[in-house]
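**Q** Questions regarding the structure given below will be posed in turn.
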Amino acid sequence: MRSELNEAGLIDEWLLGRMGDEDGRHFEARLLTDEAFAEKVEAQRMAHRLVRRYARTEEKGRLERIYRLLLHEPDFANQLNTIFT
Amino acid sequence: MLIRDNDLLQPAIWLIAVGMKYFFALSGDHPIFFDTYQKRYHTMNKEMEDPMIDLYRESFPHFARMVRRMGGSLEEAKDAFHDALLIYIEKERAGTLRLSRSPKAYVLGTAKICWLRGRGGASMVQLPDGFEAVGTDEENEDVEEREKSLLRSLVRSGRKCMELLKAFYYEHCSMDDIAERFGFSGRRSATVQKYKCLEKVREEIKSIQAYAQ
């Protein structure tokens, strides 16, 4: 478990651009020579993308709730009504 | 500081709802309305405390007026404004927000770029990763659809895991913060749980990719 955990941490570092030059070169050499490792990295890259997509959907929901809440404030709602009528 | 009607009215309605709920509970009746109202009140209260609400209240009418002058609709203004707020939120959390003027000026400038890009202009301006317009070719649409379906399945099977990964990768929370927020015994336990969640997502991705081939 510990080595898998460390490996996932290293992949994160590389994907997020936080790995040093020397370690980065070793990492990239392994990517070229170890197909199973390269697959893991690709899956983790996509996992990052999915988490970001999930997070943005959630955040947009939060902003939509703020908008709906502000529509209950007469000043805010009147301003929008005046602009768009 | 101005006191809005809601500041006084909402707690008063909440108190009445709680009082009536207990009155009906004692009398053996218990209309669901009171629970629903209490729940809604707590959600609204949470949103009222949201740090983005002041920036939203202060900036959106200005942006909406600008969009209107350029022939856009309220819905278009809202979409572009939300994209700009997301960029602001993400940069702030990542510690990469460089403000030369006020947050409002930053959000209004970014929202204008988002809106113009949505209309095919301002294409030279670089937006953060993932905010680029999605291509219209079939291959891109396929990838987009596959990702959406994969995400739906991941959320169905483990929303808590997605929340944990969001806290780590998107909100840049420390493992100590994650442990506290999700009720783990400490950072070590949070790290292991984060790994398990990541592994679950990777496995699902691999199985979908194997199925697609």
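**Q** How much FRET efficiency would the formula 1/(1 + (r/R0)^6) give for residue A:71 and residue B:96, where r is the Cβ-Cβ distance and R0 is 22 Å, rounded to 0.05? Each step should come with its number before you reach the end.
**A** Working: r = 32 Å, r/R0 = 1.46.
The calculated FRET efficiency here is 0.10.
**Q** How many nm is it between the label spots at residue B:189 and residue A:29, if each spot is 7 Å from the Cα in line with the beta carbon?
**A** 4.1 nm
**Q** While we're here: Within 10 Å of each Cβ in peptide B:140-153, how many partner chain Cβ atoms are there on average? Round it to a whole number, please.
**A** On the way: counts 0, 0, 0, 0, 1, 0, 0, 4, 3, 0, 3, 6, 1, 0.
Mean partner shielding for this stretch: 1.
**Q** In what order do B:67, B:192 fall by count of nearby beta-carbon atoms within 10 Å, going from fewest to most? Can you show the working numbers first?
**A** Numbers: B:67 23, B:192 14.
Neighbour counts put them in this order, fewest first: B:192, B:67.
**Q** Sticking with this one: Quantify how strongly other chains surround peptide B:60-68 by giving the mean number of their Cβ atoms within 10 Å of each of its Cβ atoms.
**A** On the way: counts 6, 8, 2, 0, 5, 5, 1, 2, 4.
Average neighbour count from other chains, rounded to a whole number: 4.
**Q** If the limit is 31 Å between Cα atoms, which of B:78/B:206; B:112/B:194; B:78/B:166; A:40/B:78; B:104/B:206; B:91/B:194 go over it?
**A** Details: B:78/B:206 37 Å; B:112/B:194 38 Å; B:78/B:166 24 Å; A:40/B:78 39 Å; B:104/B:206 43 Å; B:91/B:194 23 Å.
Those over the limit are B:78/B:206; B:112/B:194; A:40/B:78; B:104/B:206.
**Q** Could you work out how much longer the chain between residue B:174 and residue B:207 gets when fully extended? Use 0.36 nm per residue separation minus the Cα distance between them, nm to one decimal. Mind showing how you got there, number by number?
**A** On the way: separation 33, 0.36 × 33 = 11.88 nm, distance 3.03 nm.
Gain on extension, residue B:174 to residue B:207, equals 8.8 nm.
**Q** Going by C-beta contacts inside 10 Å, put A:21, B:50, B:142 in order with the fewest on the left. All intermediate terms of the calculation are to be shown ahead of the outcome.
**A** Details: A:21 6, B:50 15, B:142 11.
Neighbour counts put them in this order, fewest first: A:21, B:142, B:50.
**Q** What's the exposure ranking of A:32, B:154, going from fewest to most Cβ atoms within 10 Å?
**A** Values: A:32 9, B:154 22.
Ordered by Cβ neighbours within 10 Å, fewest first: A:32, B:154.
**Q** Give me the inter-chain shielding for B:198-207: mean count of other chain Cβ atoms within 10 Å, whole number please. Present the calculation step by step, with values, prior to reporting the outcome.
**A** Numbers: counts 10, 7, 1, 8, 11, 2, 4, 9, 5, 0.
Mean shielding count: 6.
**Q** Using a Gaussian network for chain A with springs between C-alpha atoms less than 10 Å apart, which of these wobbles most: A:64, A:73, A:39?
**A** The residue with the greatest mean-square fluctuation here is A:73.
Taken together, the values in this text are just the output of simple stated rules run on the coordinates, not laboratory data. Note that the coordinates shown come from a computational prediction; the quantities given were computed from them, not determined experimentally. So basically every Cβ, Gly included, is an ideal-geometry build from the backbone, and we count neighbours across all protein chains shown.
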